[in-house]
Amino acid sequence: MAKLFGGKRERIEIRDIETGIIYKSKYEAGKKLAALVGGEPSDHFVWYKILRAFPNRFEEIKEKATPNLEAIAQRIRSSFAAKDVAREKVLRLCREAIRYSANAIRAIHRNEFDQTRSSLDQVYRLLQEASEALAQHSDLLHSGFVHDAQKEYAEGCITLALALNDVLPTPEALGISYAAYLHGLGEAVGEMRRYLLDTIRKGDLSRCEELLSNMDDIYSVLVTMDFPDALTYGLRRTTDVVRGILEKTRGDLTLAIRQRDLEQMLERFK
């Protein structure tokens with residue numbers, strides 16, 4: 001078992017009140033003052049003879065328990081200072097990543113997919129730089145601001161894949177945590193509702209069933225992630241929101257399909 005206390009034995013210094021001289025130990029005091037009692041400096045017990053002969057001449061000076069406190073505090077200050085510098089840098093990188101992710105999602109709704117990819121590539125580089133900055137501060141890597149930036153990046157990448165009917169990117173390929181990826185999936189459902197409604201307004205229902213089915217698949221996965229919030233960053237709330245979005249979107253699409261069918265029937269009667 002590792003020793004937790006006392007690497008050194010307690011050191012007691014001796015002050016000669018009469019002369020003001022301080023001796024580093026009882027042994028040293030006895031060795032230097034042995035002549036006071038006619039003793040031998042080599043006698044390990046001569047100090048006790050001196051003490052009996054001069055009971056009020058000497059006082060013990062015990063070493064304080066905190067001689068290393070300032071050294072400990074300095075190490076802590078240095079660690080916190082380095083961590084604070086890294087945190088400030090990563091905060092800036094995460095804010096930029098979130099901004100680029102928002103730009104990417106707006107570009108998707110304008111069907112500007114090249115601009116979307118360019119923005120997402122920039123987000124990837126920013127998040128990689130953030131990870132490198134936190135290499136020595138792993139506790140900050142799982143902080144809220146990093147999670148939020150990763151979530152927004154996941155949302156942009158997943159929304160792009162769904163819009164283009166591409167295979168979903170994996171969290172490993174994106175270099176993000178599983179929790180951020182799952183939240184990105186949930187947020188992407190909201191973006192796909194907007195994308196689907198825009199498609200309906202354009203009068204194109206050809207992909208709507210497919211988009212709704214993808215949204216339903218995402219919800220079916222999220223609802224199975226029944227783990228503590230400490231692991232999932234509150235995924236239950238996101239899942240509840242996804243359920244509401246899915247039901248509203250299903251109702252809107254059903255109404256749009258019924259309206260289209262009715263319009264087609266009326267056309268045939270003209």
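The values are calculated or read from the model by the stated rules, or taken from the named source; none is laboratory data. For clarity, every value in this text was computed on a predicted model and none was experimentally measured. Note: ideal-geometry Cβ built from the backbone for every residue, glycine included; neighbour counts use all protein chains shown.
Applying a threshold of 9 Å to beta carbon distances and a minimum spacing of six or more residues, or different chains, the list of pairs starting in segment 69-87 at a residue that is assigned by TED's automatic domain parsing to the domain that holds L140 and part of a helix (DSSP H, G or I) and ending at one that is among the polar types (S, T, N, Q) and surrounded by 10 or more Cβ atoms within 10 Å (Cβ to Cβ) reads A82/Q136; K83/Q136; A86/Q136; R87/S143. A search for C-beta distances below 6 Å between a residue of segment 166-181 that is assigned by TED's automatic domain parsing to the domain that holds R117 and without any contact (Cβ under 8 Å) to a residue 60 or more places away in the chain and any residue that is part of a helix (DSSP H, G or I) and among the basic types (K, R), counting only pairs 6+ apart in sequence or on different chains, returns A180/K151. Has segment 197-211 got any residue that is farther than 21 Å from A180 by Cβ, among the polar types (S, T, N, Q) and surrounded by 14 or more Cβ atoms within 10 Å (Cβ to Cβ)? Within segment 197-211 (the criterion being farther than 21 Å from A180 by Cβ, among the polar types (S, T, N, Q) and surrounded by 14 or more Cβ atoms within 10 Å (Cβ to Cβ)), the answer is yes, since at least one residue qualifies. Residues of segment 111-138 being of a type in the set (A, V, I, L, M) and either surrounded by 13 or more Cβ atoms within 10 Å (Cβ to Cβ) or not assigned by TED's automatic domain parsing to the domain that holds C157 (or both), which ones? Those that are of a type in the set (A, V, I, L, M) and either surrounded by 13 or more Cβ atoms within 10 Å (Cβ to Cβ) or not assigned by TED's automatic domain parsing to the domain that holds C157 (or both): L120, V123, L126, L127, A130, A133, L134.
Per the conditions (1) in contact with a Ser or Thr (Cβ under 9 Å, 6 or more places away or on another chain); (2) on the phi > 0 side of the Ramachandran plot, the sole criterion not satisfied by N111 is (1). Out of I108, I98, one residue alone is surrounded by fewer than 21 Cβ atoms within 10 Å (Cβ to Cβ) and either among the β-branched types (V, I, T) or not assigned by TED's automatic domain parsing to the domain that holds D166 (or both). It is I98. Exactly one residue out of I14, I72, I50, I22 is in contact with an Asp or Glu (Cβ under 6 Å, 6 or more places away or on another chain) and surrounded by 10 or more Cβ atoms within 10 Å (Cβ to Cβ): that is I22.
Per the conditions (1) under 29 Å from E129 (Cβ atoms); (2) among the hydrophobic types (A, V, I, L, M, F, W, C); (3) buried (at least 21 other Cβ atoms within 10 Å of the Cβ), the sole criterion not satisfied by M192 is (1).
Got a sec? Which helices (runs of 4 or more DSSP H) wholly within segment 94-211 have at least 3 residues that are under 17 Å from the mean Cα position of the chain (by Cα)?
Passing ranges, in order: 113-133, 138-141, 144-164, 178-201.
Considering only segment 24-56, state which residues are farther than 15 Å from E13 by Cβ and part of a loop (DSSP other than H, G, I, E, B). Answer for segment 24-56, where residues must be farther than 15 Å from E13 by Cβ and part of a loop (DSSP other than H, G, I, E, B): G38, G39, E40, P41, S42, D43, H44, F45, F54, P55, N56. Regarding segment 127-141, can at least one residue be identified that is under 20 Å from G186 (Cα atoms) and either in contact with a helix residue (DSSP H, G or I) (Cβ under 7 Å, 6 or more places away or on another chain) or basic (K, R) (or both)? No, segment 127-141 contains no residue that is under 20 Å from G186 (Cα atoms) and either in contact with a helix residue (DSSP H, G or I) (Cβ under 7 Å, 6 or more places away or on another chain) or basic (K, R) (or both).
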